[in-house]
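J.: Got a structure for you, written out below as structure tokens; questions coming shortly.
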Amino acid sequence: MIKCTHCGVELEENMNYCPLCGQPVEKESMPVHEPVHIKGGQNIQKRYISMGQLNRPQKRKVMWEVLSLIVLSGVLGVVLLNLIFNQRITWSVYPLVLGLGIFGYASVFTFWYDKGWQQLLGDMVITFAVLFSLDFTDGMLQWALPVAFPMLVGTLAVGLGLYFIARRSRYYGFDLMAYVFVGLAVLVLLLEGVLSLYHTHGLHLDWSIIVLISVIPVDAVLLYIHFRLRKNPDLKKFFHI
């Protein structure tokens, strides 16, 4: 049994952080295993690290490696079967594109976990690459550029806007929910606008206007609750509990 050097609480051997004060366990406080004696050789000290002893970045790296091996080996097997039976790549292009997309998402999540807007941008780029490749497999580009690309750009813009608003906000409350509803209403407007331009070559907005009008009173109530709670944060008194 080891103890935290900051607060003195007893810790398990596989703990990397103290559950009481949250401070990382220092290396010198970790137990050292006795050397293994081998006849005719030198003393060799062996330490076996379990999954529970790894920190979060190390666990993400391990899971990324395992997932990458599974996905890439599965994709390779599907492509080889397609080549064996058809002598060329035909139907296997779909699982190939999806598998590479999953590998890309896992890589962005693993290596850009704390990057914020960079992670969002990487996910958008991978999503567009997957949709573009799926559209291109049919022999011609039909919907990737006129539909998928503007929707992804709009989603990225709304996502970045919400991200920077949350970063600048000092008090996380009902106002963030109101901003999310506004962002969703903007995406609905964009969706109907893009689809109408694609199908009719003209801008026609009908049901998305109804959605936007419906969001306005909801946002008004959420912002009212937010600013009232900032003046008086007592939830029991505000909600008459």
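Just so you know, all these numbers are worked out from the coordinates, no wet-lab data involved. Keep in mind that what you see is a predicted model, and the values were worked out from it rather than measured. All Cβ positions, glycine included, derive from the backbone under ideal geometry; neighbour counts span all protein chains shown.
J.: What nm distance separates the two modelled labels at H204 and L80, each placed 7 Å from Cα along Cα→Cβ?
T.: Modelled inter-label distance: 5.3 nm.
J.: Then there is this: If you project the alpha carbons of region 122-212 onto the principal axes, what extent comes out on each, in Å, largest first?
T.: Dimensions of region 122-212 along the principal axes of its Cα atoms: 51, 33, 12 Å.
J.: With a point put 7 Å past each Cα toward its Cβ, work out how far V62 is from V221 in nm, to one decimal.
T.: 4.7 nm
J.: Over all directions, what mean area does the Cα convex hull of region 108-162 project, stated in square nanometres?
T.: 3.9 nm²
J.: Out of every Cα-Cα pair in region 169-241, what percent are more than 17 Å apart?
T.: Pairs farther apart than 17 Å: 55 percent.
J.: Tell me whether region 48-158 comes out rounded, prolate or oblate; compute the Cα gyration tensor, take square roots of the eigenvalues as a ≥ b ≥ c, and use a/c under 1.5 as the rounded threshold.
T.: In terms of gyration-tensor shape, oblate.
J.: Multiply the residue separation of Y171 and S214 by 0.36 nm, subtract the distance between their alpha-carbon atoms, and state the gained length in nm to one decimal.
T.: Result for the pair: 12.9 nm of gain on full extension.
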